[in-house]
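First comes the structure, then the notes that go with it.
We did not get these values from a lab; they are worked out from the coordinates using the rules stated. Just so we're clear, the structure is a prediction, and the values are computed from it rather than from any experiment. All Cβ positions, glycine included, derive from the backbone under ideal geometry; neighbour counts span all protein chains shown.
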Amino acid sequence: MTMTFVNKPITIEPTSLTTNPDGHYAIGGVSVTELVHQYGSPLYVMDDATLRSNCQSYTNPLQTVYPNHLVVYAGKACLTVGLLNLLSEEGLGVDVVSAGELYTALKSNIPQPNILFHGNNKSREELEMALKHSIRIIVDNEQELDSLIELTQAYQLRARIMLRTKPEIEAHTHDYIKTGQIDSKFGIEKSDLLRCVRKVKDNPLIHILGLHSHIGSQIFDIEPYIDLATIMAEHTVRLSEELGRPIEEINLGGGIGIKYTHSDDPPLVSDVIVAMAKQLVHEFTSRGMKLPKLIVEPGRSIVGNAGVTLYTVGGIKEIPGVKTYLFIDGGMSDNIRPMLYQSQYTFDIATKAKQPAIQTYAIAGKFCESGDVLTHNVSLPHAEVGDIMIVFDTGAYNYSMSSNYNRAPRPAMVTVSNGKSHVWVKRETLDDLIRNDCY
Ligand SMILES: Cc1ncc(COP(=O)(O)O)c(C=O)c1O
């Protein structure tokens, strides 16, 4: 039987991007000029339509291939209450990695049973917070398990846990290796897993729901996910034998890559999800076992291309024979990824969308670091002071990694849909910056 799903490739641009007759881009039916006029710049813009279709690229195929599933958004990619409310309308849960992220999730419409708590060094306070709100905890190591045994006993609270394992696979973009020895701070070693299980299997306050694993990020291959499904099914079978009961859940993490530049060639989300889910079905049904609930944890592929950042060009500096810098009013404090990982992005002049790219620029931020450069070499239309620059695919790991370096107020974030914009995060003010100063 062949299955087809309505699933477009992950595009660089938000799906609602259009060009107005004046040559200015519009997103969600709102022109970039209007957005910058109303909210200032830099400005994070999130496209409602792209967010929803990205969610559906997971939920639609899973509905057919693996109906007992939960898509859990990896909140570290970008977290605001408004965003979570939209994702909850699409049926997604969320995973969090700190008290701050958990607090944000608890303020949203995501139902508590659909919140998962990760982290390799959760504090006692964080564990207590999770326990008191009955949040599913992904236990990362044996010490954390010991803390949970103690806390559940002290408070007479019940913990629902998954154990994070190392699946012997490491994958990042095109690097994919199967290895018995993974050097990662995350997860329980394969050799320690059964000992952890035995420690709590008869504890009435700790209930093991299943196993978790995550193999990396910005992954372009399907094969590691098929291997992951096979390995995790085998681990789950062993866990089930040890516990003497069927396992309720299996969590295969996130990591599907997106297209930042025209040379990136990520797979279709539906292709990965269907291949992985079918492999799980095969592994469990061939052993006559009931299918556990499948949890996946995408971050980047839900929010990445839904987000763009708008900047205003404040200056142009030509160094003859060297390069021409375009100065923008943001930079490393709102997007650290080029400095941190040499990440590549796609740029354009949003107020000259119909003009040909005829000039080469370096795009420099305004911060006191020579390295504060978003790209050293990009061809763009002829730019002028006052133009709006657009950087695509900034929805993931930009706002969430933003800082107040040089005491820059963090930008606002707005969402756009059907010709309307709506604030998800207000721009920080100068007073916000000194709010915690004592003098
Ligand atoms: C445990 C876990 N799950 C999910 C994700 C989401 O990954 P991505 O944003 O690449 O989909 C991450 C990211 O690092 C992670 O650590």
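Magnitude of the charge dipole for the chain, about its Cα centre and with charges confined to Cβ atoms of Lys, Arg (+1) and Asp, Glu (-1), is about 700 debye.
Compute the signed sum of charges (Lys and Arg +1, Asp and Glu -1) over the other residues within less than 14 Å, Cβ to Cβ, of PHE367. Overall, the nearby charge balance is -1. Taking a straight Cα-Cα cut-off under 20 Å and skipping sequence neighbours fewer than 8 places away in the same chain, the lysines within cross-link reach of LYS199 are LYS122, LYS166, LYS190. Here is the list for region 273-326: trypsin sites (Lys or Arg not before Pro) lying in DSSP coil, each with at most 15 other C-beta atoms within 10 angstrom of its C-beta, are ARG287, LYS290.
Cross-link partners of LYS317 among lysines, defined as those whose alpha carbon lies under 27 angstrom from its own and excluding same-chain residues fewer than eight positions apart: LYS352, LYS354, LYS366. Taking the DSSP bridge list for the chain and keeping only pairs wholly inside it, about 50 percent are antiparallel. For LEU92, LEU106, the sequence from fewest to most other C-beta atoms within 10 Å is LEU106, LEU92.
Using only side-chain charges placed at the Cβ, +1 for Lys and Arg and -1 for Asp and Glu, the dipole size of region 118-298 relative to its Cα centre rounds to 740 debye. Only Cα pairs under 8 Å and 6+ residues apart enter the sum, and on that basis the relative contact order of the chain stands at 21 percent. When the Cα positions of HIS382, HIS24, PRO204 are compared along the charge dipole of the chain, PRO204 comes out farthest toward the positive end, with charges on each C-beta of Lys, Arg, Asp and Glu.
The phi torsions of region 323-329, fed into the Karplus equation with coefficients 6.51, -1.76 and 1.60 and a -60° offset, translate into couplings of 6, 10, 8, 9, 8, 10, 8 Hz, rounded to whole numbers, with Gly and Pro shown as x.
Divided by 2.2 N^0.38 Å, where N counts the residues, the Cα radius of gyration of region 1-160 comes to 1.31. Short-range pairs are left out: with C-alpha atoms under 8 Å and at least six residues apart, the relative contact order of region 260-332 is 16 percent. Please check: in the Gaussian network model of the chain (C-alpha springs, under 10 Å), which one of ALA26, ALA74, ALA396 has the largest mean-square fluctuation. Comparing ALA26, ALA74, ALA396 in the GNM, the peak value goes to ALA26. For the chain, the spherically averaged projection of the C-alpha convex hull amounts to 23.6 nm².
Taking one quarter of the surface of the C-alpha convex hull of region 118-298 gives a mean projected area of 10.7 nm².
In loop segments of region 154-244 as defined by DSSP, the trypsin sites (Lys or Arg not before Pro) with at most 12 further C-beta atoms inside 10 Å of their C-beta are LYS185.
Counting only DSSP beta bridges with both residues in region 164-297, the antiparallel share comes to about 30 percent.
Counting charges near CYS196 (Lys, Arg +1; Asp, Glu -1) among other residues having Cβ under 14 Å from its Cβ returns a value of 0.
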